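The values are calculated or read from the model by the stated rules, or taken from the named source; none is laboratory data. Note that this is a predicted model, so its numbers are computed, not measured. A quick note on method: Cβ atoms are made from the backbone with ideal geometry, for glycine too, and the neighbour counts reach across all protein chains shown. For the accessible areas, the whole protein counts, side chains as well, though only heavy atoms, and no ligand, DNA or RNA atoms are used. Shrake-Rupley method; radii C 1.70, N 1.55, O 1.52, S 1.80 Å.
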Amino acid sequence: MPSSIAVTLLFILVAAALFPSASSQPTAAPQPQPRGFYINCGSDKEVQIGSVKWIQDDGFVSVGNVSAINKPHLLPVLATLRYFPDKTARKYCYQVPVVRGTRYLVRTTYFYGGFDGGADPPVFDQIVDGTRWSAVNTTDSFRRGMSTYFEVVAPAQGKTMSVCLARRPDTTSSPFISAIEVVDLADSMYNATDFSRFAMTTVARSRFGSKGEIVSYPDDPYNRYWAPFSDANPAVESHSPIAPDDFWNLPPAKALKAGVTASRGKKLAVQWPPAELPAASYYVALYFQDSRTASPFSWRVFDVAVNGQEFFRGLNASAAGVMVYSSMMRLAGKTEILLTPNETSPVGPMINAGEIYMILPLGGRTTTRDAGAMEDLARSFKNPPPDWAGDPCLPRNNSWNGVECSEELPVRVLSLDLKNHGLSGSLPDSFGNLTALKTIYLSGNKLSGSIPDLSGMRTLTALHLDGNQFNGTINPSMEKLINLKELYLNNNNLTGQIPIGLKNKPGLDLRTEGNKFG
């Protein structure tokens, strides 16, 4: 997977303009709450910022500590954070309710503020569901007193979407987070991307020929940030209205209100985005409109090329506007958009806005049956390990503690080892759905209740439940575990009879002492 560290620098610069201080934010008239979840991490109350109500993170995360940032004039969303000091956890996850099959814009915001007394913020990874999304390095922004944000457009693969942080080998202190936004997008938006295989990380989203403010909600109902971009090319304002519904990606009209242009017969070259791009595949969407008042003569025809590659030939940009895109374009280094006018075009070419995203291959997901059973198990434990949230198996180095999974697809749970973890609670009936398990080690805990039907675990070789508080009888279906070699049930509160098929099973190490068998 290509590194996304370089491209996120573009959005770090945008964040500096977006979240500098409370005093720089204009007062806006009240608007309806935008769609999606707006989570103010570490806060103990709801806060209203402009049109957006930010809610506490209670209920979305069950681990971590909270801290306030003692700096003047901070927006409330930057004044608190949640941090994760537990070094034993493989990841720390927020879980947000979603609609399976819908695509979402996920934005994470970070403002270190020296909360832990360190000289520099820690570097760590962020994960969406089972996919490692990017590294989080906010050092440059911290030194300038600014916040940093990252975005990914990702599909919902289940009923919840997990947004997780994880330590790296170079993580020196506690990962932290200030805010999370999860916004559901319309079906038409970015639908040229195969979201069954890919997500998209935002590189840049710009409105050309503009200066000053960032356009977002309420102009953009999806609260995307459209940053101003200007260069040496002449800027021009549009004199015709734009209908966002005419564009698949539904850009706000205000983001297309201006543009950069060239004289009649002249080529227009735009160096955008300004930072060099790592070699990867990108989704590129470009927006054009004839800025003149709509009439039979308000049109512009030109060819569009990106880094010398033909992007679109004979584009006719009328006053109504037009969008062209490429869903898997290979780019690297500096990027130039070149517009070459048609000889008959009465005016020069013009471009109004652009979006570019790096294509991110999805890391996969634990098999639905196994993931559901593991989530049930986590809920049935009264004190599960702190990293038992998000995908149980993925990313590979960030599986749940005590869980081993298959390397090949489909990803299955193969082993569970939580002996002497101080666990209490029970085993749900769905535990038997983990049919790829080969070993289960739950010895030395305080688990109670009955042992569920495990007859579907035909590959199970070792089942260690000794030293708990299980009660009830041994289900005779356990005789069907044809590969079972070790069955440790000793020192529980089991009653009834030991099934004959277990007593007489050749090669089975069966331990049952310390129970109440008749």
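Check each of the trypsin sites (Lys or Arg not before Pro) in the range 89-135 and keep only those in coil by DSSP with at most 13 other C-beta atoms within 10 angstrom; list them in order. List each step's numbers first, then the result.
Values: sites: Arg90, Lys91, Arg100, Arg103, Arg107, Arg132; in loops: Arg90, Lys91, Arg100.
Answer by residue number: Arg100.
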Margin query: In the chain, if the dipole is taken from +1 on Lys/Arg beta carbons and -1 on Asp/Glu beta carbons about the Cα centre, which of Ala68, Ala378, Val236 is farthest to the positive end?
Written below: Ala378
Margin query: Output wanted: per-residue J couplings in Hz (rounded whole) for the range 449-456, from phi through Karplus 6.51 cos²θ - 1.76 cosθ + 1.60, θ = phi - 60°, x for Gly and Pro.
Written below: x, 8, 8, x, 5, 10, 5, x
Note to self: Suppose we keep just the DSSP beta bridges with both residues in the range 143-295; what percent of those would be antiparallel, to 5?
What the structure shows: 65
Item checked: Debye equation applied to the C-alpha atoms of the chain, log10 I(q)/I(0) at 0.06, 0.07, 0.11, 0.13 Å⁻¹ -> -0.37, -0.48, -0.95, -1.19
Next item on the list: Could you tally the net charge around Gly265, taking each other residue with its Cβ under 14 Å from the Cβ of Gly265, Lys/Arg +1 and Asp/Glu -1?
Entry: +2
Next item on the list: Note the angle between two axes, namely the Cα long axis of helix 5-18 and the longest principal axis of the Cα atoms of the chain, as a number of degrees from 0 to 90, rounded to the nearest 10.
Entry: 70
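I'd like to check one number: the per residue accessible area of the chain, probe 1.4 Å, reported in Å² as a whole number.
Working: 21220 Å² over 518 residues.
Accessible area per residue: 41 Å².
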Next item on the list: Take Thr368, project a point 7 Å from its Cα along the Cβ direction, then tell me which residues of the range 143-162 have their backbone nitrogen under 14 Å from it.
Entry: 156-160
Next item on the list: For the range 369-439, compute Rh as the Kirkwood radius over C-alpha pairs and then the Stokes-Einstein diffusion coefficient at 10 °C and 1.306 mPa s; write the answer in µm²/s, rounded to an integer.
Entry: 130
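Looking at the range 450-518, which GluC sites (Glu not before Pro) are DSSP coil and have at most 12 other C-beta atoms within 10 Å of their C-beta? If you can, show how the numbers build up before the last one.
On the way: sites: Glu479, Glu486, Glu513; in loops: Glu513.
When the GluC sites (Glu not before Pro) of the range 450-518 are filtered for loop state and at most 12 Cβ neighbours within 10 Å, Glu513 remain.
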Notebook entry, point to check: What is the gain in length, in nm to one decimal, between Ser477 and Leu508 on full extension, counting 0.36 nm per residue of separation less the C-alpha to C-alpha distance?
Noted result: 9.6 nm
Notebook entry, point to check: If you count the DSSP beta bridges with both ends in the chain, what percent of them are antiparallel, to the nearest 5?
Noted result: 80
Check: Label Ser455 and Ser62 with points 7 Å out from Cα along Cα→Cβ: what is the distance between them in nm?
Finding: 3.1
Checklist line | Fraction of alpha-carbon pairs over 21 Å apart in the range 275-343 - percent | finding: 31
Next item on the list: Would you work out which of Thr139, Val99, Val411 lies farthest towards the positive end of the dipole of the chain, given +1 charges on the beta-carbon of Lys and Arg and -1 on that of Asp and Glu, about the Cα centre?
Entry: Val411
Notebook entry, point to check: How big is the charge dipole of the range 276-345 about its Cα centre, in debye rounded to the nearest 20, if each Lys and Arg gets +1 on its Cβ and each Asp and Glu gets -1 on its Cβ?
Noted result: 100
Next item on the list: Assign unit charges at the C-beta atoms only (+1 for Lys and Arg, -1 for Asp and Glu), then state the dipole size of the range 24-138 relative to its Cα centre in Debye, rounded to the nearest 20.
Entry: 360
Check: To the nearest 20 debye, what charge dipole does the chain have about its Cα centre, counting +1 at the Cβ of each Lys and Arg and -1 at the Cβ of each Asp and Glu?
Finding: 220
Check: Taking R0 as 22 Å, what's the FRET efficiency between Thr139 and Thr88 from their Cβ-Cβ distance, rounded to 0.05?
Finding: 0.30
Notebook entry, point to check: Per-residue HN-Hα couplings for the range 415-425, Karplus 6.51 cos²θ - 1.76 cosθ + 1.60 at θ = phi - 60°, whole Hz, x for Gly and Pro?
Noted result: 8, 10, 10, 10, 5, 6, 9, x, 6, 10, x
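Calculate, for Asp231 and Asp44, the FRET efficiency according to 1/(1 + (r/R0)^6) with r their C-beta to C-beta distance and R0 41 Å; round to the nearest 0.05.
On the way: r = 45 Å, r/R0 = 1.10.
The computed FRET efficiency comes out at 0.35.
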Checklist line | Under 12 Å, Cβ to Cβ, from Thr461 - net charge with Lys/Arg +1 and Asp/Glu -1 | finding: +1
Next item on the list: No other cysteine beta carbon under 4.7 Å away is the test; run it over the chain and list who passes.
Entry: Cys41
Check: Farthest toward the dipole's positive end in the chain, which of Leu286, Gly314, Thr461, given Cβ charges of +1 (Lys, Arg) and -1 (Asp, Glu) about the Cα centre?
Finding: Thr461
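In the range 322-392, carbon and sulfur make up what percent of the accessible area (probe 1.4 Å)?
Numbers: 1290 of 2550 Å².
It is 51 percent, rounded to a whole number.
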Check: How far is it, in nm, from the label point at Ser188 to the one at Asn493 when both lie 7 Å from their Cα along the line to the Cβ?
Finding: 6.2
Next item on the list: Pop out the ³J(HN,Hα) list for the range 215-225 in order, Karplus 6.51 cos²θ - 1.76 cosθ + 1.60 with θ = phi - 60°, rounded to Hz; leave Gly and Pro as x.
Entry: 8, 8, 5, x, 4, 10, x, 9, 6, 6, 9
Check: Please state the Cα pair-distance histogram of the range 313-467 with 5 angstrom bins from zero: what percent is in each bin?
Finding: 2, 7, 14, 16, 12, 7, 4, 4, 5, 6, 6, 6, 5, 4, 2, 1, 0, 0
Margin query: Please report the net charge: other residues with Cβ closer than 9 Å to the Cβ of Gly36, K and R +1, D and E -1.
Written below: -1
Note to self: Between helix 368-380 and the chain, what is the angle of the helix's C-alpha long axis to the longest principal axis, kept within 0 to 90° and rounded to the nearest 10?
What the structure shows: 70
